[in-house]
Amino acid sequence: MNIVLTGSLGNIGKPLTQSLVAKGHQVTVISSKAERKAAIKDIGAIPAIGSVQDADFLAQTFSGADAVYLMEAWEGIGSIFDKTIDFLAEFKKIAANYVQAVQKSGVTRIVHLSSVGAHSEKGTGSLLVHHTVENILKTLPENVSIKFMRPVGFFSNIYR
């Protein structure tokens with residue numbers, strides 16, 4: 001399969017890329033950092049350097065993919081200690097970019113990393129962003145199959 005991954009070579013992206021490449025899939029890894037290009041190639045994947053905040057770049061990168069793995073990283077938006085950032089608004093923009101890119105590219109299989117608590121619109125604190133993103137992605141046409149994964153928090157994220 002031809003698979004595109006957002007999330008670069010983080011805690012999920014790197015082992016997922018390694019596993020998919022080992023199984024013979026063609027994997028394109030989206031990263032916003034040009035310095036990751038060599039590491040992506042070393043794993044056997046194709047680097048696509050750009051931003052999830054650029055819908056045209058995403059559409060071009062998704063084109064021809066059999067499946068796309070979508071995620072949003074808080075750190076990709078900015079420091080969680082920066083009180084000037086409206087994270088909910090930024091997550092909404094990324095989700096809207098994903099919808100636009102999926103529609104333009106014709107991709108019909110999506111796997112989305114969400115979070116436990118995404119089923120609820122209240123009482124989940126910062127996890128509300130995942131509920132919001134899921135609902136935006138659900139606006140895609142019915143022929144687009146979306147698998148939402150809702151794990152609990154990652155211990156590595158606790159350090160932020």
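The values are calculated or read from the model by the stated rules, or taken from the named source; none is laboratory data. The shown structure was predicted, so the numbers you read here are calculated from the model rather than taken from an experiment. Note: accessible area is taken over every heavy atom of the protein model, side chains too, but ligands, DNA and RNA are not part of it. Shrake-Rupley method; radii C 1.70, N 1.55, O 1.52, S 1.80 Å.
Between the helical axis of 128-137 and the dominant principal axis of the chain, each derived from Cα atoms, what acute angle in degrees is found, rounded to the nearest 10?
Orientation of helix 128-137: about 50 degrees from the principal axis.
Over segment 57-146, what percent of the accessible surface lies on carbon and sulfur atoms, probe 1.4 Å?
On the way: 2340 of 4450 Å².
Reported share for carbon and sulfur atoms: 53 percent.
Restricting to DSSP H runs of at least four residues, report the calculated mean residue ellipticity at 222 nm for the chain, -39500 (n - 2.57) per run over all residues, nearest 500 deg cm²/dmol.
Working: 6 runs with 58 residues, N = 160.
Helices in the chain give a 222 nm mean residue ellipticity of -10500 deg cm²/dmol.
With equal scatterers on the alpha carbons only and no solvent term, can you work out the Debye log10 of I(q)/I(0) for segment 15-155 at 0.15 1/Å?
So the normalised log intensities work out to -0.81.
Under 26 Å between C-alpha atoms is the cut-off here; go through segment 74-160 and count lysine pairs that meet it, provided they're at least eight residues apart or on different chains.
Summing the qualifying lysine pairs gives 16.
Taking only protein heavy atoms and a 1.4 Å probe, what accessible area per residue, in Å², does segment 25-160 have with all protein chains in place?
Computed with neighbouring chains in place, this is 55 Å² per residue.
Contour minus end-to-end for residue 32 and residue 87, with contour as 0.36 nm per residue of separation and end-to-end as the Cα-Cα distance?
Gain in length upon complete extension: 18.0 nm.
Given that compact globular proteins tend to follow 2.2 N^0.38 Å, what is the ratio of the alpha-carbon Rg of segment 12-73 to that value?
Working: Rg = 11.2 Å, N = 62, 2.2 N^0.38 = 10.6 Å.
Output field value: 1.06.
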